[in-house]
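Just so you know, all these numbers are worked out from the coordinates, no wet-lab data involved. Here the structure is a predicted model, which is why all the values come from computation and not from measurement. When we count neighbours, we look across all protein chains shown, and the Cβ atoms used for this are built from the backbone with ideal geometry, even at glycine.
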Amino acid sequence: MVAIFKRPSLVLCAVLVSVVLPFVVVEGWWSISGPCSTAPEDSDCIITPGFPNSAYGNDQTCTMHWYGNGQWYLAEEYFETESCCDHLNVNGHDYSGNQGSITADRPNLISDVTWRSDGSVTYLGWKLCARPWIWRVSGPCTVVTSEPQCVTSPYWPLNYGDSQSCTMSIADGRQMYLQVATFHTEENYDKLTFNGIAWYGDGRNLVSFSSPLYGSVTWESDSSNTDLGWKICAREGTDVYWNVAGPCRAAPGEPHCVTSPNWPSNYENDQSCTMVMPNRGQMYLQAPSFLTETGNFDPLTINGNMYSGNGDGLAGGGVVPFSGEVTWISDGSNTYPGWKICAYSSPNSITFAAGELAERVPAAAPNVTVFNKTKTLTKDFRDGETDQADVGITSTTLTSTQTGTMLL
């Protein structure tokens, strides 16, 4: 007897003149022959007879096959069988004994899975789940079961171990963007490397970082001192604005904005970044906050033009058309809070907080009155171009009854 286990919400059937047409595979399902079954709480998972309440029986056999679109791997939720004699076979490889062996191997594509127990000694058995395969992982690093697009250091969120190494890559080779969710490793010694750059330490310039991933990601810890480790996630590129190389970072919660290192605290000496915005065409940049060393010593360069000091028309409500790359460099002395720049698809829809514009404006600046509270200001460029007419404020609307004068 063969049992077909499917998720009703993911399976379609049609009836015509009492003839039932074949089921259409939307995601995937298990076909099972024998006493094994799918888990009641998750039909993508298979379990031994009796699991988790009792041990499997003697002389049992099952044959299981996963039908699904795309690439899937078999994630091990629990595994305990008689080491010598009770075997699970996945894609031609036998597994038995204690938990950990199947997940470490991470079989490529799930095909036939068979189970057999002998006539003596039984254990609790196993629970195995078909999961979408995004990451190819070699070593003790782990794909997050509830977030298969994410992978973590060993034992995360607990400390990783000494002398561990992993290699990770996107399974089907497609272009993905890497986003770092958490990062804490031993400074200088325990390194996560991608795109040719090794990262370590507290990750203050890495969390919320987004970058296209080229090739593999590697992890290596040395023989002493461990930390909580890291969690990285692969994303499609549609929600990624900035690709950043260097210690600059995407603003948390504002993927269209990027900041200087450590912002709003001071950046450091001898830092550099390159920032690009792929596949978005003409964009417009505005700086809610800008304060660097004057005289083009710590310049932000856009379209070949260098901005330093208070921003020279980029900050304080100025808008710069942009395509290509933005670069940042600081010299060997004198640091400041730096900058935050944000990208918009149209200059007509730029909104920003008046309180943000007040940041970094020197107290002695002439003819400047700033708002004491954050208020939303919308500036409308009637001709769609940034020119002298716009500097004169063609149209300005405050969404508050309180008034003030902006530095423009």
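Here is how the numbers come out for the structure above:
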quantity	calculated
Cα→Cβ-extended label distance, 7 Å offset, between Y78 and H65, nm	2.9
Difference of contour (0.36 nm per residue) and Cα-Cα distance, S216 to Q282	20.6 nm
Mean Cβ neighbour count within 10 Å, used as a protection proxy, ranking 190-203, 127-140 highest first	127-140, 190-203
